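Asks: Could you have a look at this structure, given as structure tokens, before my questions?
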Amino acid sequence: MSFCLTGGIANTCADSCAGGIGRVWIAPSDAVDTVTTGGADGEVDSITMVVGPPAGLFYEFDFYQETASFTETLERAQGNASVVSSLTGSIICRSQAKRNAIMELASCSCGLVVIHEEASGKRWIWGLTKDYLDTLSFGYNAQLISGEGVSGAAITDSNQETITVEAKAAAKALELDSAVVIPV
């Protein structure tokens with residue numbers, strides 16, 4: 001017999017994690033070949049990109065300090081788990097190059113795979129499907145769902161682009177083993 005629960009969660013007095021997002025890497029979904037898990041707790045221990053040409057790569061998106069956040073919302077309706085993973089962040093000083101990068105994100109209709117690093121040092125990968133990792137439950141690649149550019153009115157107002165990338169799946173994001181080198 002197998003039970004659905006195999007362990008609990010223990011908090012210690014030493015548990016303390018800073019909030020916020022440090023860095024974000026995004027790849028078009030068709031640039032990722034495979035993802036494997038092998039860590040003691042099921043962490044992702046390798047990412048293989050398409051060899052090419054062109055070679056598959058992750059691209060870093062540098063959000064302004066304390067403007068990026070990641071939210072995972074798990075709902076369970078009719079016995080089925082549904083998770084929405086969402087990352088929102090701001091990129092300061094609008095420019096043609098930033099506009100072009102955002103339009104490229106919008107044009108990735110096949111989807112995106114996202115890695116984000118939290119201020120705690122943990123890295124998470126999401127936007128994965130069974131195409132990369134056959135042990136995954138059902139899921140969709142991430143998509144750019146919104147982008148807003150503002151110039152501000154006063155000289156002290158924000159001049160920035162704010163984007164939101166979102167994925168829907170049957171499971172939460174997977175932790176990336178600290179030894180994994182992100183293919184950039």
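Asks: Run lengths n ≥ 4 of DSSP H only: what is the helix-derived mean residue ellipticity at 222 nm for the chain, with -39500 (n - 2.57) per run over all residues, to the nearest 500?
Replies: Using -39500 (n - 2.57) per qualifying helix, the result is -2000 deg cm²/dmol.
Asks: Taking the stretch 35-112, which chymotrypsin sites (Phe, Trp or Tyr not before Pro) meet the DSSP loop condition and have no more than 13 other C-beta atoms within 10 Å?
Replies: Of the chymotrypsin sites (Phe, Trp or Tyr not before Pro), not one in the loops of the stretch 35-112 has a Cβ with at most 13 other Cβ atoms within 10 Å.
Asks: Moving to a separate point now. Which whole-number percentage describes the relative contact order of the stretch 69-184, with Cα contacts under 8 Å and a sequence gap of 6 or more?
Replies: Over the stretch 69-184, the number comes to 32 percent.
Asks: List the lysines whose Cα sits under 21 Å from the Cα of K130, skipping any in the same chain fewer than 8 residues away.
Replies: Of all the lysines, those that pass the test against K130 - Cα under 21 Å, at least 8 places apart if same chain - are K168, K172.
Asks: Just one of [x] 16.3, 51; [y] 17.1, 54; [z] 17.7, 66 is Rg and Dmax of the Cα atoms in Å as worked out from the coordinates here. Which one is it?
Replies: Calculated Rg and Dmax of the Cα atoms in Å: the matching label is [z].
Asks: So for the chain, taking the charge dipole from beta-carbon charges (+1 Lys/Arg, -1 Asp/Glu), which of I102, G7, L133 sits furthest toward the positive end?
Replies: Final value for the positive-end residue is I102.
Asks: Then there is this: Using Cβ contacts closer than 10 Å as the measure, can you line up S151, S69, S29 from fewest to most?
Replies: Ranking S151, S69, S29 by Cβ neighbours within 10 Å, fewest first, gives S151, S69, S29.
Asks: Quick one: which of 125-131, 159-165 comes out on top by average Cβ neighbours within 10 Å, and what's the full order, highest first?
Replies: Descending packing order for the listed peptides: 125-131, 159-165.
Asks: Length gain on complete extension for the stretch V150 to V84, per 0.36 nm per residue less the alpha carbon to alpha carbon distance?
Replies: Full-extension gain reported as 21.1 nm.
Asks: Could you please report the charge total around D177, scoring K, R as +1 and D, E as -1 over all other residues with beta-carbon less than 10 angstrom from its beta-carbon?
Replies: -3
Rule-based calculations on the coordinates, nothing more; no lab input. Since the model is a prediction, treat every value here as computed from it, not as a measurement. Cβ: placed from backbone, ideal geometry, glycine included. Neighbour counts: every protein chain shown.
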